[in-house]
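The values are calculated or read from the model by the stated rules, or taken from the named source; none is laboratory data. Just so you know, these numbers come straight off a predicted model, no measurement behind them. Note: ideal-geometry Cβ built from the backbone for every residue, glycine included; neighbour counts use all protein chains shown.
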Amino acid sequence: MTKRLEGKTAVVTGGARGIGGHIAMALASEGADIIIADLLDATVAEPVLAAIAGAGRRSLLVRTDVSDEEQVRHLVDLAHEEFGQVDILVNDAGTVSQHSFIDLEVSEWDRVLAVNLRGVFLCCRFFLPQMLERKSGKIINVASQLGQIGGIEMVHYSASKAGVIGLTKALAREVSHLGVHVNAIAPGPILTDMMAEETEEWAARKLSELPMARFGQPDEVAPTAVFLASDDSSYYVGQTLCPNGGDVML
Ligand SMILES: NC(=O)c1ccc[n+]([C@@H]2O[C@H](COP(=O)([O-])OP(=O)(O)OC[C@H]3O[C@@H](n4cnc5c(N)ncnc54)[C@H](O)[C@@H]3O)[C@@H](O)[C@H]2O)c1
């Protein structure tokens, strides 16, 4: 059977582990070569890189801080030098912290916004020109349900993720008729290293609210990214898809 992403190249930021890692592996299993752009190195990314190789696909890990313009420009140049073109961009890299608003330092606001929103902007800004030239491309931005409903002690994170949803919609309006599809994913609570940073009280309360009475796994988010990366999503524009176990129903 033909794989859905045969011959494609995907960049996955934050793909060294967690949701991004599972997205990278799922895209590879559908035939895509993968460039992982992450702060973390190959020791952390090893299981993801091994799975990509196991799927018979090529991979490259580029140590990148997505909030840094020069590093993103370097990533874009390297990706095109090594792979010729980039068909799929998954903006997954993200960071979180919990602070009551009254204690939220300006520096922490800036840090979280820089990674979660400026990082998405920079990657879109510098990968898009080549996609527009080819009149083809898929951009998938990983937001969060907290960008839809807000999270207590997470004003900075929620604002960054709401920003990602807004950026997705506006960019989709601007470039869809030029052949580039832009959509977002807003996961619910997913068991990754990021979630491990939450307190036990938070986890117990959240669990009691979830219709399925369990947290999600990263491989329950990855199929949504594969769908958005493939031709199956040809009429999806500026949408935010929600693998969230029913925590948020819009
Ligand atoms: N886990 C959840 O419950 C959940 C829910 C909703 C949304 N999300 C979002 O999903 C995405 C992935 O999160 P995760 O849960 O897999 O967490 P994670 O911490 O396992 O993965 C985040 C990845 O992003 C990378 N990263 C962080 N800052 C970076 C930077 N400046 N430049 C490049 N890479 C950077 C990390 O090194 C890591 O590999 C994030 O955008 C997160 O906000 C997570």
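What number goes with the only condition from (1) of a type outside the set (Phe, Trp, Tyr); (2) within 17 Å of Gly94 (Cβ to Cβ); (3) within 19 Å of the chain's Cα centre (by Cα) that Gln217 does not pass?
The single condition Gln217 does not satisfy is (2).
Give me the residue from segment 179-207 that is more than 10 Å from the ligand (Cβ to nearest atom) and among the hydrophobic types (A, V, I, L, M, F, W, C) and, out of that set, nearest to Gln130 (Cα to Cα).
Val180
Restricting attention to segment 228-235, does a residue exist that is loosely packed, with under 14 Cβ neighbours inside 10 Å, of a type in the set (S, T, N, Q), away from the ligand (no atom under 15 Å from the Cβ) and touching a residue at least 12 places away in the same chain (Cβ under 8 Å)?
Taking every residue of segment 228-235 in turn, at least one turns out to be loosely packed, with under 14 Cβ neighbours inside 10 Å, of a type in the set (S, T, N, Q), away from the ligand (no atom under 15 Å from the Cβ) and touching a residue at least 12 places away in the same chain (Cβ under 8 Å).
It is to be established whether one or more residues within segment 194-204 are among the charged types (D, E, K, R), over 26 Å from Leu27 (Cβ atoms), without any contact (Cβ under 8 Å) to a residue 40 or more places away in the chain and in a helix (DSSP H, G or I).
yes
I need the full set of residues from segment 27-51 which are of a type in the set (A, V, I, L, M, F, W, C) and surrounded by fewer than 24 Cβ atoms within 10 Å (Cβ to Cβ), in order please.
Selection gives Leu39, Leu40, Ala42, Val44, Ala45, Leu49, Ala50, Ala51.
Name every residue in segment 17-60 that is among the charged types (D, E, K, R) and either within 18 Å of Pro218 (Cβ to Cβ) or modelled with pLDDT under 95 (or both), in order of residue number.
Arg17, Glu30, Asp38, Glu46
Does Gly14 meet the test of being surrounded by 22 or more Cβ atoms within 10 Å (Cβ to Cβ), modelled with pLDDT of 95 or more, within 27 Å of Ala196 (Cβ to Cβ) and not polar (S, T, N, Q)?
The answer is yes for Gly14.
Go over the candidates Leu171, Leu210, Leu250 one by one and state the one that is out of contact with any Phe, Trp or Tyr (no Cβ under 8 Å at 6 or more places or on another chain), away from the ligand (no atom under 14 Å from the Cβ) and farther than 30 Å from Glu6 by Cβ.
Within the list Leu171, Leu210, Leu250, the selection yields Leu250.
Show me the helices (runs of 4 or more DSSP H) found entirely inside segment 1-97 where at least 3 residues are over 14 Å from the mean Cα position of the chain (by Cα) and of a type outside the set (Ser, Thr, Tyr).
Per the criteria, 42-54, 69-83.
Please specify each residue of segment 38-81 satisfying the condition of being within 9 Å of the ligand (Cβ to nearest atom) and small (Gly, Ala, Ser).
Scanning segment 38-81 gives Ala45, Ser67.
Quick one: in segment 88-106, of everything that is free of Cβ contacts under 8 Å to residues at least 12 places away in the same chain and either within 15 Å of the ligand (Cβ to nearest atom) or among the hydrophobic types (A, V, I, L, M, F, W, C) (or both), which residue is surrounded by the most Cβ atoms within 10 Å (Cβ to Cβ)?
Here the answer is Val106.
For segment 126-148, what are the residues that are among the charged types (D, E, K, R) and either within 9 Å of the ligand (Cβ to nearest atom) or free of Cβ contacts under 8 Å to residues at least 12 places away in the same chain (or both)?
Glu133 - this is the single residue of segment 126-148 that is among the charged types (D, E, K, R) and either within 9 Å of the ligand (Cβ to nearest atom) or free of Cβ contacts under 8 Å to residues at least 12 places away in the same chain (or both).
Looking at Pro223, Pro187, can you tell me which residue is surrounded by 11 or more Cβ atoms within 10 Å (Cβ to Cβ), assigned to a helix (DSSP H, G or I) and modelled with pLDDT of 95 or more?
Criteria check complete, one pass: Pro223.
Among the numbered conditions (1) touching a residue at least 12 places away in the same chain (Cβ under 8 Å); (2) surrounded by fewer than 20 Cβ atoms within 10 Å (Cβ to Cβ); (3) within 14 Å of the ligand (Cβ to nearest atom), tell me where Gly151 comes up short.
Among (1) touching a residue at least 12 places away in the same chain (Cβ under 8 Å); (2) surrounded by fewer than 20 Cβ atoms within 10 Å (Cβ to Cβ); (3) within 14 Å of the ligand (Cβ to nearest atom), Gly151 violates only (1).
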